[in-house]
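The values are calculated or read from the model by the stated rules, or taken from the named source; none is laboratory data. The structure presented is a predicted model; accordingly, all values stated were derived computationally and were not measured. Cβ atoms come from the backbone with ideal geometry, glycine included; neighbour counts cover every protein chain shown.
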Amino acid sequence: MSRIAATFAALKADGRRALIPYVCAGDPHADGTVDVMLALADGGADVIELGVPFSDPMADGPVIQKAAERALARGIGMAQVLAMVRDFRARNATTPVVLMGYANPVERYDQKHGGGAFVKDAAAAGVDGVLIVDYPPEECGAFAQALQAHGLDLIFLLAPTSTEQRMRQVGEIATGYVYYVSLKGVTGAGNLDTEAVAAAVPRIRQHVKVPVGVGFGIRDAASAQAVGRVSDGVVIGSRLIQILETQTRDNAPAAARAFMAEIRTALDSL
């Protein structure tokens, strides 16, 4: 059983929801990401999504786009991201880490280091899962097999526009969890429709056997609670990045920990 599967199983046994923060590697401080990740785990995060900076993050709104631009300007690429995971894993052996990003950095890494290098090196670094926004299920069978062979989960996005056929395709190949995009738009939008989420999640569960996490538009304890009532997990990204970008290098971990603790308390009150 993977670290992700074990985490969700333990949460389910306790009647709790997963708290899944997203941070962009190398932002807001190139040398501060690991400390922020450790603080997120201390504050109650169950899984950490670590964003791989990319110059054209098509699913992301302006907050995460700017975070990626800042990280790229500091020279943060896939090699640096994997080094951060190794450092985190040396100090935290239990909290799953999911790399979230786009095909280009993955394929460029393989071009530079040899075919299959990304999967092998990610597994060696301590990565637990991968979510590649622009890898649809019908085009990544070989990638899924390679990940599975190295004990990594492959996580997919589903959206309000996803058809029953797409849900079935995802259900056949997804492991770990699926990430339901709660709205028609990019990350950080503020028009979360919790009633629509409540209607969508049961439809997804008809086709997908892994847990369902929900993100995009979740910004505070109230919205996290509303989504947590109908899902297995809550993903928070843009709001966390907004908080971190106002902090100094030394203060960022404490701010991350405090925000996680607030959301953790809200979810655990359900």
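I'm trying to understand the selection: among the residues of the stretch 146-161, which are assigned to a loop (DSSP other than H, G, I, E, B) and at pLDDT 95 or above? His150, Gly151, Leu152, Phe156 - these are the residues of the stretch 146-161 that are assigned to a loop (DSSP other than H, G, I, E, B) and at pLDDT 95 or above.
Taking Gln80, is it closer than 15 Å to Leu50 by Cα and of a type outside the set (A, V, I, L, M, F, W, C)? In short, yes.
Here's the yes/no breakdown for (1) over 17 Å from the mean Cα position of the chain (by Cα); (2) part of a loop (DSSP other than H, G, I, E, B); (3) aromatic (Phe, Trp, Tyr):
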{"residue": "Val208", "(1), (2), (3)": "yes, yes, no"}
{"residue": "Gly213", "(1), (2), (3)": "no, no, no"}
{"residue": "Gln247", "(1), (2), (3)": "yes, yes, no"}
{"residue": "Asp250", "(1), (2), (3)": "yes, yes, no"}
{"residue": "Ala254", "(1), (2), (3)": "yes, no, no"}
{"residue": "Ala258", "(1), (2), (3)": "yes, no, no"}
{"residue": "Ala266", "(1), (2), (3)": "yes, no, no"}
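Looking across the stretch 212-225, the residues that are modelled with pLDDT of 95 or more and surrounded by 22 or more Cβ atoms within 10 Å (Cβ to Cβ) come down to Gly213, Val214, Ala224. May I ask you to list the residues in the stretch 15-27 that are within 19 Å of Arg249 (Cα to Cα), of a type outside the set (A, V, I, L, M, F, W, C) and assigned to a loop (DSSP other than H, G, I, E, B)? Scanning the stretch 15-27 gives Gly26, Asp27.
Number of residues in the stretch 73-85 that are in contact (Cβ under 8 Å) with a residue 40 or more places away in the chain and within 19 Å of the chain's Cα centre (by Cα): the value is 8.
For the stretch 37-54, the criterion of being without any contact (Cβ under 8 Å) to a residue 40 or more places away in the chain and closer than 19 Å to Val227 by Cβ is satisfied by no residue at all. For the stretch 228-235, the criterion of being within 12 Å of Val23 (Cβ to Cβ) and either among the basic types (Lys, Arg) or at pLDDT 95 or above (or both) is satisfied by at least one residue.
Just so you know, in the stretch 162-183 the residues that are under 15 Å from Val201 (Cα atoms) and assigned to a loop (DSSP other than H, G, I, E, B) include one that is modelled with the lowest pLDDT, and it is Leu183.
Yes or no, residue by residue, for (1) of a type in the set (S, T, N, Q); (2) in contact with a Pro (Cβ under 7 Å, 6 or more places away or on another chain); (3) farther than 26 Å from Ala258 by Cα:
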position	(1), (2), (3)
Leu157	no, no, yes
Val178	no, no, yes
Val197	no, no, yes
Gln206	yes, no, yes
Val212	no, no, no
Gly217	no, no, no
Ala222	no, no, no
Val227	no, no, no
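Scanning the stretch 187-200 for residues that are buried (at least 19 other Cβ atoms within 10 Å of the Cβ) and modelled with pLDDT under 75 yields Thr187, Gly188.
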